[in-house]
Amino acid sequence: MTQKGPSPELPARIIPLAALATPSQGLQPVVQRRQGASHETIESFLHYFNEERSLFTISRYAGGNLYINREQFNRNYHSENPALGHENLLTNDSILISVTQSGLLNHLPVLSGLPVVHFETQSGPGRFLLTCCELILDGALEASPSQTRTRLFKHLTDLLITTLLDSLGLELSVAGRRKHRQKHIRSYIESRLHEPDLTPKSIANAYGISSRALYLLFDGELGAVSGWILSRRLERIYKDLQSAEFTSMAIAEIAAKHGFRNAAHFSRRFRQKFGLSPRELRQKKLAG
């Protein structure tokens, strides 16, 4: 079997030595299965943070999240983003792992400057982490000596750190943190391109930062935030106009579906980006 290596097109991951995980001590992981009560509310989770612990939530289908502190959890609990909001917490298969906050930040101080870290559980280290937790909850260690359980929980801590490092996927430097925040915000924008009221200000408010901080995050990129929103909307419309699925839908309706209120403004911007009007593109496609 051929082993897949990293893509040669991707930059090598650079992790400063100071950011690497130190020997796994002090996290004191506690693994629990969510009770699944229908009346469960946000208060059901806050006691973890009252005890100065951070919380991982893991689901086989919804993936996993790391919430460092109470403020981060509160801000994201009511998020409409399914990867961050309470839907992830309230799935029937959710597993909760709490760790000491100070221990986690001692391992990876960079986490204090990042938004919620989301990771996959269908593959990669997240899959190993999920399987490990399921084995623990199924009683696989109950008959093991205490020293064996201690060693295996050390491996669980190592797996938690490995999962976080893999999820970040970038060097843990200032540039790496910036790219991670960008990736997080871009995902949020992509899920709301259909909303006409999507603006840099509404995005900044959703992430609890100032508009200036948002612009600084995208500083140096063509068009910054507003330009990227416009470009992605136009690209989606271009794709729809090329699709047989939307041949019977009016061009104005397609534009409105992707957040444009003003048809003339849309048509002008479309021509600027692609060199022809939406109608010309559709006619060209139909003509084969």
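The values are calculated or read from the model by the stated rules, or taken from the named source; none is laboratory data. None of these values were measured; they are calculated from a predicted model. Heads up, the Cβs are rebuilt from the backbone with ideal geometry, glycines too, and the neighbour counts pull from every protein chain shown.
Taking the criterion of being at pLDDT below 80 and under 16 Å from His107 (Cβ atoms), the residues of region 155-175 that qualify are Leu168, Leu172.
Of everything in region 236-288 that is aliphatic (A, V, I, L, M) and part of a loop (DSSP other than H, G, I, E, B), the residue that is farthest from the chain's Cα centre (by Cα) is Ala287. The residue that is modelled with the highest pLDDT, among those in region 227-252 that are within 21 Å of Arg192 (Cα to Cα) and surrounded by fewer than 13 Cβ atoms within 10 Å (Cβ to Cβ), is Lys239. Taken over region 236-262, residues that are of a type outside the set (A, V, I, L, M, F, W, C) and under 17 Å from Lys284 (Cβ atoms) amount to 6.
Of Glu134, Glu120, all but one fail to be surrounded by fewer than 20 Cβ atoms within 10 Å (Cβ to Cβ), under 22 Å from Gln32 (Cβ atoms) and touching a Gly at 6+ places or on another chain (Cβ under 9 Å); the exception is Glu120. Among the residues of region 156-171, is any of a type in the set (Asp, Glu), surrounded by 13 or more Cβ atoms within 10 Å (Cβ to Cβ) and assigned to a helix (DSSP H, G or I)? Yes, region 156-171 contains at least one residue that is of a type in the set (Asp, Glu), surrounded by 13 or more Cβ atoms within 10 Å (Cβ to Cβ) and assigned to a helix (DSSP H, G or I).
Residues in region 183-211 that are small (Gly, Ala, Ser), modelled with pLDDT under 90, exposed (fewer than 15 other Cβ atoms within 10 Å of the Cβ) and in the same structural domain as Arg236 (by TED's automatic domain parsing): Gly208, Ser210.
Restricting region 196-210 to residues that are part of a helix (DSSP H, G or I) and not basic (Lys, Arg) leaves a set whose member that is nearest to Phe73 (Cα to Cα) is Ala206.
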